[in-house]
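Below is one structure, written out as structure tokens; comments come after it.
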Amino acid sequence: VGVVVSVLLGVALLRRSAVALVALLLPVAAWTYLFGGLLLPAAAAGPRDLVVVQHNVSDENVDPAGTARALADVGADLVGLQELLPHALPTYERVLAPDYPYHVVHGTVGLWSKHPLTEDDVVDIKPREITEPWSRGLRAVADAPQGEIAVYVAHLPSVRVG
């Protein structure tokens with residue numbers, strides 16, 4: 001879009017069209033607002049107080065142990081997982097346990113934490129149209145060094161055409 005706007009700006013300048021220049025101000029301003037910062041040097045990364053990772057582990061995942069190891073290697077303080085299936089859950093619990101001694105699972109979502117979890121409950125996000133059992137949301141409280149932090153893990157329903 002930036003290239004197209006630049007070309008149009010050049011054409012407007014060549015034609016000396018004030019109307020075209022004014023019409024280009026809006027897309028130029030929008031592009032500069034959205035992407036202009038990418039042209040500047042990046043700021044140095046500062047210290048991080050809390051690192052959180054969220055991952056949909058997929059109900060078709062053939063390597064839950066590898067997925068769990070990759071997630072643990074990130075070193076996050078909190079790891080939220082969606083699409084946890086009963087047959088794969090023990091693998092995630094076993095592999096994540098050394099780094100994440102605290103965890104809670106409700107339905108197909110779970111939270112693993114390096115910090116104690118003092119509360120947890122199901123969050124009902126089930127659409128009214130779904131009548132079968134369905135639990136895809138949880139809320140927990142992590143007792144982190146920064147203080148108590150409410151953490152939500154949710155897996156919203158998919159929209160499928162047809």
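Only sites in a loop by DSSP and with at most 10 other Cβ atoms within 10 Å count here; which trypsin sites (Lys or Arg not before Pro) in region 98-162 make the cut? Passing both the DSSP loop test and the Cβ count: 128, 160.
Each stretch of four or more DSSP H residues adds -39500 (n - 2.57); spread over every residue of the chain, this sum gives -10000 deg cm²/dmol at 222 nm. Considering only 12, 65, 149, the residue lying farthest towards the positive end of the dipole of the chain is 12, judged by Cα position with unit charges set on Cβ. Dipole check for the chain: with +1 at the C-beta of Lys and Arg, -1 at the C-beta of Asp and Glu, and the Cα centre as origin, the magnitude is about 1040 Debye. Using a 1.4 Å probe on the protein heavy atoms, what percent of the accessible area of the chain belongs to carbon and sulfur? Looking at the chain in its full context, I get 60 percent from C and S. Taking all protein chains together and a 1.4 Å probe, the residues 93, 129 rank 129, 93 from largest to smallest accessible area.
Across region 41-86, the fraction of Cα-Cα pairs farther apart than 18 Å, rounded to a whole number, is 40%.
For region 24-64, the alpha carbon positions stretch 51, 30, 14 Å along the principal axes, listed from largest to smallest. Take each peptide in 3-14, 102-113, 58-69, count the other Cβ atoms within 10 Å of every residue, and average; sorted highest first, the result is 102-113, 58-69, 3-14. When the charge dipole of the chain is built from unit charges on Cβ atoms (+1 for Lys and Arg, -1 for Asp and Glu) and taken about the Cα centre, the candidate among 110, 31, 122 whose Cα reaches farthest toward its positive end is 31.
The values are calculated or read from the model by the stated rules, or taken from the named source; none is laboratory data. Remember, it's a predicted structure, so these values are computed and weren't measured experimentally. All Cβ positions, glycine included, derive from the backbone under ideal geometry; neighbour counts span all protein chains shown. Each accessible area value is taken on the protein alone, full model and side chains, heavy atoms only, with ligands, DNA and RNA left out. Shrake-Rupley method; radii C 1.70, N 1.55, O 1.52, S 1.80 Å.
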